[in-house]
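Q: First the structure, which I've put down as structure tokens, then a few questions once you've had a look.
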Protein chains: 4
Amino acid sequence: MQKKLIEILNEIMMEVTQHQSTGEVATYIPELTSIPPDKFGIHLYAVTGDNYGLGDNLEKFSIQSIAKVLTLSLAFNLEGDNLWNHVGVEPSGNSFNSLVQLEYEKGIPRNPLINAGAIVICDILISRLKNPKLEFISYVQKIACNNNINYNSKIVESERNHGYRNSALINLMKSFGNIENKIDDVLDLYFHVCSIEMSCEELSKTFLLFANNGKIPSTEEKIMSTSQSKRINAIMQTCGFYDEAGDFSFRVGLPGKSGVGGGIVAIHPNKYTVAVWSPRLNKKGNSSRGIKALELLTTKTELSIF
Amino acid sequence: MQKKLIEILNEIMMEVTQHQSTGEVATYIPELTSIPPDKFGIHLYAVTGDNYGLGDNLEKFSIQSIAKVLTLSLAFNLEGDNLWNHVGVEPSGNSFNSLVQLEYEKGIPRNPLINAGAIVICDILISRLKNPKLEFISYVQKIACNNNINYNSKIVESERNHGYRNSALINLMKSFGNIENKIDDVLDLYFHVCSIEMSCEELSKTFLLFANNGKIPSTEEKIMSTSQSKRINAIMQTCGFYDEAGDFSFRVGLPGKSGVGGGIVAIHPNKYTVAVWSPRLNKKGNSSRGIKALELLTTKTELSIF
Amino acid sequence: MQKKLIEILNEIMMEVTQHQSTGEVATYIPELTSIPPDKFGIHLYAVTGDNYGLGDNLEKFSIQSIAKVLTLSLAFNLEGDNLWNHVGVEPSGNSFNSLVQLEYEKGIPRNPLINAGAIVICDILISRLKNPKLEFISYVQKIACNNNINYNSKIVESERNHGYRNSALINLMKSFGNIENKIDDVLDLYFHVCSIEMSCEELSKTFLLFANNGKIPSTEEKIMSTSQSKRINAIMQTCGFYDEAGDFSFRVGLPGKSGVGGGIVAIHPNKYTVAVWSPRLNKKGNSSRGIKALELLTTKTELSIF
Amino acid sequence: MQKKLIEILNEIMMEVTQHQSTGEVATYIPELTSIPPDKFGIHLYAVTGDNYGLGDNLEKFSIQSIAKVLTLSLAFNLEGDNLWNHVGVEPSGNSFNSLVQLEYEKGIPRNPLINAGAIVICDILISRLKNPKLEFISYVQKIACNNNINYNSKIVESERNHGYRNSALINLMKSFGNIENKIDDVLDLYFHVCSIEMSCEELSKTFLLFANNGKIPSTEEKIMSTSQSKRINAIMQTCGFYDEAGDFSFRVGLPGKSGVGGGIVAIHPNKYTVAVWSPRLNKKGNSSRGIKALELLTTKTELSIF
């Protein structure tokens, strides 16, 4: 890896960790509440295979909603453009009206990266796969080149016990006919998806295929078409950060996806992926230090997709 | 210009014009209604100066909302990041709730490319400039390298006579204290901005500075910082197509801006700008053939920002 | 009963049945779809015991949401004014935003006569009663002076199989902490409440206590305080007809409650109750002929609460 | 007047004034801010002509929105049921979404007692009357039997200078074609209507015709039909207190109308009218002590319309 880039990553680490981090860790399930709030890791993976990380970059954390990109990619592959009859590709506006939008738009979620959309994607995976939970984690292990990635069953249970809002969403969609399978089965897969754990190193490596036009760099296996890979990046760009997608695009200028566990992954097409982890979240539910670190990265390198 | 690219533009022209165009022309002011609906022009300008166009690419049309990017760029330059106290950078969700969002968010428009946001930008220009209408059109002429670009006074009058919804927006914002100047003065500038006319050739040339990190290629004049230029592209990417921004990003993969006159301009950073014009609009208010042409362009070249 | 009033009821019957009835019967469960759509019954019960009815006034039908007044009255009695910490007394505005209001108002339904509010009432009954289903139907039988009133188990099953939207509502409220008991238990009681059947004669007799300051006229048993009885009438007046409460108040001028089975009951305090049944519903979900009949009644008698 | 009722009014006065009043006076125009906040007056007028008041019952105050009932009654008389093509009779739900409802319902306000609806009524009066301001105040003087009632020009000016939200409403309605006359003319009449001043004695006397089936008791002049009078009462019942209409109906049980000046008038059909004035407002914008006083009145008399 270029010396220059390594220097920049070290500078970023110094800058973001020298001040007390602000924001609060996610509290809706106990497993997230107990994480030491001042953890910080960053790892950058180039499509060439070069990679570098520092801080808590090798420690596993709950990637949460970041996994929605992975369910989307598998479903897009299996279902093709028929997918877009069940879910849109538009940003969702502010979070306050999540349910009203779903009601107004007759049970079709705005995009596959909000909860309602990811639930629809899980419904489609169940219709398409014989053993959805097993086949999905195998898919993740393949693109991660790592059999050590798995669901966390304690988090699955916690999600299930705090899933009333997700139950509201799926029941509303079912009332509009946009859910095919049994509600309990769909939510079971959805809660498993949310429970996957990775380190920053693993997360950045797993997402490399989106920086490489759908091909896993190390194995050269083509997982999806160039067009599909680009389109998933486009969805991350406009929909990856809830009601902060515009701000992330404005400040960082890369497609990416965040999770309430404090992780963020971003993609510089044809160049690299980068994963950061810092559990304290800003008011919009995205990692405060994570966004700051990525803003510094594209500012210092003077490179973004724009 | 590369032979290959010229061939592609010719193919696109053939493909989009061989079928009857669908959709309707904008009807809210008579000047737009009377435009021959099957006009089609396209013009591509490389940052190197190479350029090529065909169809009705030299005919002037009303660029309408596309000019909002130009007011934004001037105001961003004058006001710096203080601008973001008055207007956000988030996509607006569906058009139906434009007023409720403005009410819920206390008179701060979601972004500078929706009507409410562009009106706020006009208010800021009036506060900053001695002769706002004159200075703004001079700025446009400078970045267009063309003194032949101007307001159309008939369209100004028409906008004024059909501007009740814009009056509703500005009065609501004024009630929240987010408009400093007199309502009539701000709307007068806003209606002038909406009335600018350009051809596809002129439009693509005018936007070159956004593909060139803020510098006019032909004169080498630096109009804004690299960061500001990239950030304006980021805003176009997430907010340039009303409630179709996600879909445009998904299908075309370039930042851009549309207008109800049937024009669209898109930017491939560091490479080129491209302008298309075709008056029939889809249900979301964007040029049907224009979006199709740009989708073909990035598909055939296999190049987008993703 | 006065001759004059009997004449008026006969005239009303003639007038409303001479034209083809408009509107459609409720279709969301098969049991309602199969009802002959042109049934019409009306029955008026004076607090003196005098009563008169005609048409299909002795045929049982599904009173559906009308039963929400009965759950409310029992819960108000058991819980007192503490009830209003869990549910409001304001009309709900248009039906389109039922979920957004519930979200915006943190899971507190606007009133006890919309679905969300009636579900909260069922939750409270479960907390208060040992055997809620049995005790509730006993209460209804007591105020109806009729042991022949009961749940319809086929309708319970149908409601359960089409209850996704109600599941969405209760899950959303549970996520806000406004549901104490198990979701399945609460919905089970709610679906039973919706399944009660009565004839017009039975319905008008059952509601007599609300015209009589909380006392059953025939048994002289005081079921609730005068104030509670008046307040339930007030809630019916402002909230009894979904998004048509204002129009019913305007045209009829009496407190009342409708159900999607085509029934309506109205109360003239200190004078009488009247029940009508006609299955075809207008666009707001209320019986077309039923509203017409009641409008004729207060117009011809020149008596309303206003 | 009955001794008993006089005693009750004295008791009410004592009870509501013995505690420090809560809430704040209206602040949106300076003329209201400067009113001594602890004023309290009450006056009851029987249809027989008997009347009794105490406290500041003879002091004039700004009746504000209470005058919307008077514009409604004049327009209903002039326009008949055609009025309901321009404005509805349904309660408006919560105030937060006033603009979205107007947008969603295509510029037709929910009822004539919210600002948007009263503006539409003013538009209709302008279309119908030669000299609307003069003819309207003459109408008010006639039903008040009092030539001493008039507009307050200082309040007119203040309203005009703080009327941005009302301008937003009228412009939105004009964009939907629901305003016929010039915006400035309509707002001028509207601001005049809002500026009328009366004492509690005058206010209760003015509203007597609504308690008397449309006839002025002292002159026996029939101003409107019995049906129209009842229907205006019905609208007051469901729409007279913004987002507190249900609560007022629940607690007081009479039709009425409030104004931000701290006045409330209520009607007991065929019996009496009562006006109270106390400037401190609760969070919903209605007089705190005023509502309390009326709740005590119907509780102590054990008489309401329910």
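The values are calculated or read from the model by the stated rules, or taken from the named source; none is laboratory data. This is a predicted model, so every value here is computed, not measured. Virtual Cβ from ideal backbone geometry, glycine too; neighbours counted across all protein chains shown. Just the protein is used for accessible areas: all its heavy atoms, side chains included, with ligands, DNA and RNA removed. Shrake-Rupley method; radii C 1.70, N 1.55, O 1.52, S 1.80 Å.
Q: From C:189, C:172, which residue is over 26 Å from residue C:56 (Cα atoms), within 14 Å of chain A (Cβ to nearest Cβ) and of a type outside the set (Asp, Glu)?
A: Working: C:189 fails: within 14 Å of chain A (Cβ to nearest Cβ).
Answer to the selection: C:172.
Q: Going through A:170, A:149, A:119, A:143 one at a time, which residue ends up being out of contact with any Cys (no Cβ under 6 Å at 6 or more places or on another chain), open to solvent by less than 10 Å² (accessible area, probe 1.4 Å) and in a loop (DSSP other than H, G, I, E, B)?
A: Working: A:170 fails: in a loop (DSSP other than H, G, I, E, B); A:119 fails: in a loop (DSSP other than H, G, I, E, B); A:143 fails: in a loop (DSSP other than H, G, I, E, B).
Testing whether each residue is out of contact with any Cys (no Cβ under 6 Å at 6 or more places or on another chain), open to solvent by less than 10 Å² (accessible area, probe 1.4 Å) and in a loop (DSSP other than H, G, I, E, B) leaves just A:149.
Q: Going through the range A:241-281 one residue at a time, which ones are over 16 Å from residue A:44 (Cβ atoms), touching a helix residue (DSSP H, G or I) at 6+ places or on another chain (Cβ under 6 Å) and among the polar types (S, T, N, Q)?
A: If the condition is that a residue be over 16 Å from residue A:44 (Cβ atoms), touching a helix residue (DSSP H, G or I) at 6+ places or on another chain (Cβ under 6 Å) and among the polar types (S, T, N, Q), then A:249 is the only one that fits.
Q: Moving to a separate point now. Taking the options D:134, D:113, name whichever one is within 14 Å of chain C (Cβ to nearest Cβ), within 23 Å of residue D:202 (Cα to Cα) and either open to solvent by 10 Å² or more (accessible area, probe 1.4 Å) or not basic (Lys, Arg) (or both).
A: On the way: D:134 fails: within 14 Å of chain C (Cβ to nearest Cβ).
Sole residue among the options that is within 14 Å of chain C (Cβ to nearest Cβ), within 23 Å of residue D:202 (Cα to Cα) and either open to solvent by 10 Å² or more (accessible area, probe 1.4 Å) or not basic (Lys, Arg) (or both): D:113.
Q: All but one of (1) away from chain D (no Cβ under 14 Å); (2) open to solvent by less than 10 Å² (accessible area, probe 1.4 Å); (3) within 17 Å of residue C:266 (Cα to Cα) hold for residue C:205; which doesn't?
A: Going through the list (1) away from chain D (no Cβ under 14 Å); (2) open to solvent by less than 10 Å² (accessible area, probe 1.4 Å); (3) within 17 Å of residue C:266 (Cα to Cα), residue C:205 breaks only (2).
Q: Further question on the same structure: Looking at the structure I just gave you, is residue D:219 surrounded by fewer than 24 Cβ atoms within 10 Å (Cβ to Cβ) and within 10 Å of chain C (Cβ to nearest Cβ)?
A: Details: surrounded by fewer than 24 Cβ atoms within 10 Å (Cβ to Cβ): yes; within 10 Å of chain C (Cβ to nearest Cβ): no.
Taking the combined requirement at face value, the residue does not satisfy it.
Q: Continuing with this model, one more query. Pick from B:305, B:264: which is in contact (Cβ under 8 Å) with a residue 12 or more places away in the chain and within 14 Å of chain A (Cβ to nearest Cβ)?
A: Details: B:264 fails: within 14 Å of chain A (Cβ to nearest Cβ).
Unique residue meeting the criteria: B:305.
Q: Okay, moving on. Of these, D:144, D:234, D:211, D:168, which one is small (Gly, Ala, Ser), at negative phi and more than 19 Å from the chain's Cα centre (by Cα)? Don't jump to the end; show me each part of the working.
A: Values: D:144 fails: more than 19 Å from the chain's Cα centre (by Cα); D:234 fails: more than 19 Å from the chain's Cα centre (by Cα); D:211 fails: more than 19 Å from the chain's Cα centre (by Cα).
Checking each option against the conditions leaves just D:168.
Q: Can you confirm whether the range C:181-189 contains a residue that is among the hydrophobic types (A, V, I, L, M, F, W, C) and at pLDDT below 95?
A: No, the conditions are met nowhere in the range C:181-189.
Q: With the condition being out of contact with any Gly (no Cβ under 7 Å at 6 or more places or on another chain) and closer than 21 Å to residue D:259 by Cβ, I'd like the helices (runs of 4 or more DSSP H) fully within the range D:1-110 carrying at least 2 qualifying residues.
A: Working: elements: D:3-18, D:30-33, D:67-79, D:98-104.
Passing ranges, in order: D:3-18, D:30-33, D:67-79.
Q: Specify the residue that is farthest from the other protein chains (Cβ to nearest Cβ); the eligible residues are those in the range A:237-260 that are over 22 Å from residue B:101 (Cα atoms) and open to solvent by 10 Å² or more (accessible area, probe 1.4 Å).
A: The residue in question is A:260.
Q: Here's something else I'd like to know. Cβ-Cβ below 6 Å, separation at least six or inter-chain, first residue in the range D:235-252 and of a type in the set (Lys, Arg), second surrounded by fewer than 24 Cβ atoms within 10 Å (Cβ to Cβ): which pairs?
A: D:251/D:295
Q: For the range A:17-52, give me each residue that is closer than 18 Å to residue A:203 by Cβ and open to solvent by less than 20 Å² (accessible area, probe 1.4 Å).
A: A:26, A:32, A:40, A:41, A:42, A:43, A:44, A:46, listed by residue number.
Q: Can you tell me which of (1) more than 14 Å from chain A (Cβ to nearest Cβ); (2) aromatic (Phe, Trp, Tyr); (3) surrounded by fewer than 23 Cβ atoms within 10 Å (Cβ to Cβ) is the one residue B:104 doesn't meet?
A: (1)
Q: For the range C:152-166, how many residues are part of a helix (DSSP H, G or I) and open to solvent by less than 20 Å² (accessible area, probe 1.4 Å)?
A: Here is the first cut: in the range C:152-166, the ones part of a helix (DSSP H, G or I) are C:153-161, C:164-166.
Okay, now just the ones that are also open to solvent by less than 20 Å² (accessible area, probe 1.4 Å), so C:155-156, C:158-159, C:166.
So the count comes out to 5.
Q: Tell me, yes or no, whether the range D:41-51 has at least one residue that is under 24 Å from residue D:148 (Cα atoms) and out of contact with any Phe, Trp or Tyr (no Cβ under 9 Å at 6 or more places or on another chain).
A: The initial filter retains those residues of the range D:41-51 that are under 24 Å from residue D:148 (Cα atoms), namely D:41-51.
Still in the running and out of contact with any Phe, Trp or Tyr (no Cβ under 9 Å at 6 or more places or on another chain): D:49.
Yes, the range D:41-51 contains at least one residue that is under 24 Å from residue D:148 (Cα atoms) and out of contact with any Phe, Trp or Tyr (no Cβ under 9 Å at 6 or more places or on another chain).
Q: Same structure, new question: For the range A:53-74, how many residues are of a type in the set (A, V, I, L, M) and open to solvent by 10 Å² or more (accessible area, probe 1.4 Å)? Full working, then the answer.
A: Taking the range A:53-74 first, the residues of a type in the set (A, V, I, L, M) are A:54, A:58, A:63, A:66-67, A:69-70, A:72, A:74.
Imposing the further condition that a residue be open to solvent by 10 Å² or more (accessible area, probe 1.4 Å) reduces the set to A:54, A:58, A:74.
Matching residues across the range A:53-74 total 3.
Q: Any idea which of (1) out of contact with any strand residue (DSSP E or B) (no Cβ under 7 Å at 6 or more places or on another chain); (2) buried (at least 24 other Cβ atoms within 10 Å of the Cβ); (3) in a helix (DSSP H, G or I) is the one residue C:296 doesn't satisfy?
A: (2)
Q: Given the criteria more than 18 Å from residue C:303 (Cα to Cα), open to solvent by less than 10 Å² (accessible area, probe 1.4 Å) and either free of Cβ contacts under 8 Å to residues at least 24 places away in the same chain or within 8 Å of chain D (Cβ to nearest Cβ) (or both), does residue C:214 qualify?
A: Yes: the conditions hold for residue C:214.
Q: If you don't mind, there's one more thing I want to ask. So if I check each of A:225, A:288, which one is surrounded by fewer than 24 Cβ atoms within 10 Å (Cβ to Cβ), more than 15 Å from residue A:62 (Cα to Cα) and in contact with a strand residue (DSSP E or B) (Cβ under 7 Å, 6 or more places away or on another chain)? Talk me through it step by step, then tell me what you get.
A: Working: A:225 fails: in contact with a strand residue (DSSP E or B) (Cβ under 7 Å, 6 or more places away or on another chain).
Testing whether each residue is surrounded by fewer than 24 Cβ atoms within 10 Å (Cβ to Cβ), more than 15 Å from residue A:62 (Cα to Cα) and in contact with a strand residue (DSSP E or B) (Cβ under 7 Å, 6 or more places away or on another chain) leaves just A:288.
Q: Looking only at helices (runs of 4 or more DSSP H) that lie completely in the range C:204-290, which have at least 2 residues being modelled with pLDDT under 95?
A: Correct list: C:226-239, C:245-251.
Q: Only residues that are in contact (Cβ under 8 Å) with a residue 24 or more places away in the chain and among the small types (Gly, Ala, Ser): list them for the range D:36-85, please. So that I can check it myself, show each step before the final result.
A: Looking only at the range D:36-85, we keep the residues that are in contact (Cβ under 8 Å) with a residue 24 or more places away in the chain, and these are D:36-79, D:83.
Across the range D:36-85, the qualifying residues are D:41, D:46, D:49, D:53, D:55, D:62, D:65, D:67, D:73, D:75.
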